[in-house]
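Engineer: Got a structure for you, written out below as structure tokens; questions coming shortly.
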Amino acid sequence: MRAIYLTGFMGAGKTTVGKSLAAHLKLKMIDTDAFIEEQTGKSIRDIFEQEGESTFRHYERHYLRALPVDNVIITTGGGMVMQKENRDWMRENGTVIYLHCSPDKILGRLKEDTSRPLLDANKEVLIQQLLKERLPFYKEANYTVDTSEKSIVEVVAEINTLIRKEETGRC
Ligand code: S3P
């Protein structure tokens with residue numbers, strides 16, 4: 001099976017859904033942020049603070065290509081889709097599933113979070129602004145699943161149905 005890439009804004013549930021989906025499908029899951037942290041030996045926050053966002057984006061582009069493209073679920077950082085090369089790579093090498101989430105829900109989930117350097121200032125404004133800017137890129141995915149009002153189990157079941165249909169279509 002080709003890679004399944006989960007994209008979406010911070011707080012959309014990519015990592016939680018990815019873990020559950022990987023367990024369900026008995027596949028390995030790799031998170032691009034965790035992989036970058038492992039490879040560089042630095043936290044995402046330290047990379048942003050010490051090396052800047054553009055170096056972090058370089059790491060995203062570089063390490064995305066270092067990951068396997070078969071029998072794997074890859075969960076991506078919220079900004080992975082901003083670079084066209086990354087959108088093209090994911091579409092060419094797998095199935096891209098955009099996990100959509102409403103700005104209100106995202107704000108609720110990330111209210112107390114301090115791990116995302118891009119949301120250090122006014123979270124409410126930044127979430128709305130960044131989501132609006134990125135929406136066209138997220139929508140280039142093969143499929144969109146709205147996670148705003150759904151449980152993890154429901155989201156995983158929906159993705160499972162999409163994948164099965166796609167695999168059947170490929171045979
Ligand atoms: C980012 C999202 C984060 C992380 C970094 C930048 C973004 O990942 O890659 O802080 O630009 O949206 P999550 O989406 O897993 O929070």
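None of the figures in this text is laboratory data; all of them are computed from the coordinates on show. Only a predicted model underlies this, so the values are computations on that prediction, with no experimental measurement involved. For neighbour counting, all protein chains shown are included, and Cβ atoms are generated from backbone atoms with ideal geometry for every residue, glycine included.
Engineer: What are the residues in the range 43-62 that are more than 21 Å from residue 114 (Cβ to Cβ), of a type in the set (D, E, K, R) and more than 9 Å from the ligand (Cβ to nearest atom), if any?
Structural biologist: 61
Engineer: Here's something else I'd like to know. Return only the number of the condition from (1) surrounded by 15 or more Cβ atoms within 10 Å (Cβ to Cβ); (2) touching a residue at least 24 places away in the same chain (Cβ under 8 Å); (3) closer than 26 Å to residue 88 by Cβ that residue 139 does not satisfy.
Structural biologist: Against the list (1) surrounded by 15 or more Cβ atoms within 10 Å (Cβ to Cβ); (2) touching a residue at least 24 places away in the same chain (Cβ under 8 Å); (3) closer than 26 Å to residue 88 by Cβ, residue 139 comes up short only on (1).
Engineer: Additional query: Taking the criterion of being part of a loop (DSSP other than H, G, I, E, B) and within 30 Å of residue 153 (Cα to Cα), would at least one residue in the range 28-39 satisfy it?
Structural biologist: no
Engineer: Another one. Among the residues of the range 55-82, write down those that are more than 21 Å from residue 11 (Cα to Cα) and hydrophobic (A, V, I, L, M, F, W, C).
Structural biologist: Once the filter is applied, which keeps residues that are more than 21 Å from residue 11 (Cα to Cα) and hydrophobic (A, V, I, L, M, F, W, C), the range 55-82 yields 66, 67, 69, 72.
Engineer: Considering only the range 79-92, state which residues are touching an Asp or Glu at 6+ places or on another chain (Cβ under 9 Å), surrounded by fewer than 22 Cβ atoms within 10 Å (Cβ to Cβ) and either of a type outside the set (D, E, K, R) or touching a residue at least 60 places away in the same chain (Cβ under 8 Å) (or both).
Structural biologist: Matches in the range 79-92: 79, 82, 83.
Engineer: Go through the residues of the range 15-22 one by one and say whether even a single one is among the hydrophobic types (A, V, I, L, M, F, W, C) and free of Cβ contacts under 8 Å to residues at least 40 places away in the same chain.
Structural biologist: Checking the range 15-22: not a single residue is among the hydrophobic types (A, V, I, L, M, F, W, C) and free of Cβ contacts under 8 Å to residues at least 40 places away in the same chain.
Engineer: Contact list please: Cβ distance under 6 Å, first residue in the range 109-133 and over 13 Å from residue 44 (Cβ atoms), second residue not in a loop (DSSP other than H, G, I, E, B), pairs at least six apart or on different chains.
Structural biologist: Pairs that qualify, where the first residue is over 13 Å from residue 44 (Cβ atoms) and the partner is not in a loop (DSSP other than H, G, I, E, B), are 124/107; 126/119; 127/103; 127/106; 127/107; 128/103; 131/103.
Engineer: Look through the range 119-136, keep the residues that are exposed (fewer than 15 other Cβ atoms within 10 Å of the Cβ) and among the aliphatic types (A, V, I, L, M), and return whichever of them is nearest to the chain's Cα centre (by Cα).
Structural biologist: Filtering the range 119-136 for residues that are exposed (fewer than 15 other Cβ atoms within 10 Å of the Cβ) and among the aliphatic types (A, V, I, L, M), the one nearest to the chain's Cα centre (by Cα) comes out as 135.
Engineer: Sticking with this one: Could you grab me the full set of residues in the range 10-37 that are buried (at least 23 other Cβ atoms within 10 Å of the Cβ) and under 8 Å from the mean Cα position of the chain (by Cα)?
Structural biologist: 14, the sole residue that qualifies.
Engineer: May I ask you to say which residue of 3, 22, 66 is in contact with a Pro (Cβ under 9 Å, 6 or more places away or on another chain), more than 13 Å from the ligand (Cβ to nearest atom) and of a type in the set (A, V, I, L, M)?
Structural biologist: 3 is the lone residue from the list that is in contact with a Pro (Cβ under 9 Å, 6 or more places away or on another chain), more than 13 Å from the ligand (Cβ to nearest atom) and of a type in the set (A, V, I, L, M).
Engineer: Between residues in the range 47-61 that are closer than 21 Å to residue 31 by Cβ and residues that are part of a helix (DSSP H, G or I) and among the β-branched types (Val, Ile, Thr), which pairs lie under 6 Å by C-beta distance while being six or more apart or on different chains?
Structural biologist: Short answer, once both residue conditions are applied: 56/47; 59/36.
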